[in-house]
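Notes follow once the structure below has been shown.
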Amino acid sequence: MARQIWFIVVLVLASSGLRAQDPITIKTDSTGAKVAKIDTLTSNYVNVGKTAARRAILRSAIIPGWGQFGNGLNVYRGIKIAAIYTGATVLTLSYIDNNNRYKEFLAELSDRQANGGKPVIGSPYYGYQTAGLTSAKDTYRRNREVVIFSMIGLYGIQVVEAYVDARLKYFDVGDDLAISIKPSIINSGTLFGYQSYVPAVKVSFKL
């Protein structure tokens, strides 16, 4: 029983000591000046790039191009926004055209079916074969579906692009990064009893 009491007392004292710790401690350097040292274990770290990327995804999901605009408008991002809306406009016009043509051929085939499979007099497609009209209808239907999937793809690509752009905007490799490119040779093994070498390019990164 006594051991349990002592164990509880030690835990209470240890926990109170932990709560009493200050994340900012004052120490003195070699000159005697006081220096504040922040405890990194208790400091609140905010990943700016990750936060900006989440914001860019949300904006682009609501309004296409808003994520690119929110990352900071410049010539490069302005071109991307213009490309997004240009592509969306072209796809929309293509969808309208293919959908209208599909409905036109579908109506013609429906009229022929109601007329016993014969062409309707006065129809602009009176001289066309039914098989050709059916093939044209299916072609425009497939084109319409391809345009729909292209719209979905464009929407998804601009969301992903806004996310990547936001992450790269706050990605810093520092000023100490150095790249060295120089010619080199690679030993490709033994050929006919002799060592064989091939030319190569050596790329080195130094942090």
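Residues are listed down the side, and each one gets a yes or a no for (1) farther than 30 Å from GLY65 by Cα; (2) in a helix (DSSP H, G or I); (3) modelled with pLDDT of 95 or more; (4) out of contact with any strand residue (DSSP E or B) (no Cβ under 8 Å at 6 or more places or on another chain):
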| position | (1), (2), (3), (4) |
| --- | --- |
| THR86 | no, yes, yes, yes |
| TYR95 | no, yes, yes, yes |
| TYR102 | yes, yes, yes, yes |
| ALA107 | yes, yes, no, yes |
| PRO119 | yes, no, no, yes |
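Across the range 26-41, a minimum of one residue is classified as loosely packed, with under 12 Cβ neighbours inside 10 Å, at pLDDT below 95 and under 30 Å from TYR163 (Cα atoms). Going by the conditions given, is VAL48 under 25 Å from ARG167 (Cα atoms) and either modelled with pLDDT under 55 or surrounded by fewer than 16 Cβ atoms within 10 Å (Cβ to Cβ) (or both)? Spelling it out, VAL48 is indeed under 25 Å from ARG167 (Cα atoms) and either modelled with pLDDT under 55 or surrounded by fewer than 16 Cβ atoms within 10 Å (Cβ to Cβ) (or both). Among the residues in the range 154-171, are any of a type in the set (S, T, N, Q), surrounded by 11 or more Cβ atoms within 10 Å (Cβ to Cβ) and modelled with pLDDT under 70? No; the residues of the range 154-171 include none that is of a type in the set (S, T, N, Q), surrounded by 11 or more Cβ atoms within 10 Å (Cβ to Cβ) and modelled with pLDDT under 70.
Is it the case, given these coordinates, that LYS137 is more than 22 Å from ASN99 (Cβ to Cβ) and among the charged types (D, E, K, R)? Answer is no for this residue. Residue pairs whose Cβ atoms lie under 8 Å apart, sitting 6 or more positions apart in sequence or on different chains, and linking a residue in the range 122-149 that is farther than 12 Å from ARG112 by Cβ to a partner that is part of a helix (DSSP H, G or I) and of a type in the set (A, V, I, L, M, F, W, C), are ALA136/PHE105; TYR140/PHE105; VAL147/LEU91.
The values are calculated or read from the model by the stated rules, or taken from the named source; none is laboratory data. For clarity, every value in this text was computed on a predicted model and none was experimentally measured. Positions of Cβ are generated from backbone atoms using ideal geometry, with glycine treated the same way; all protein chains shown enter the neighbour counts.
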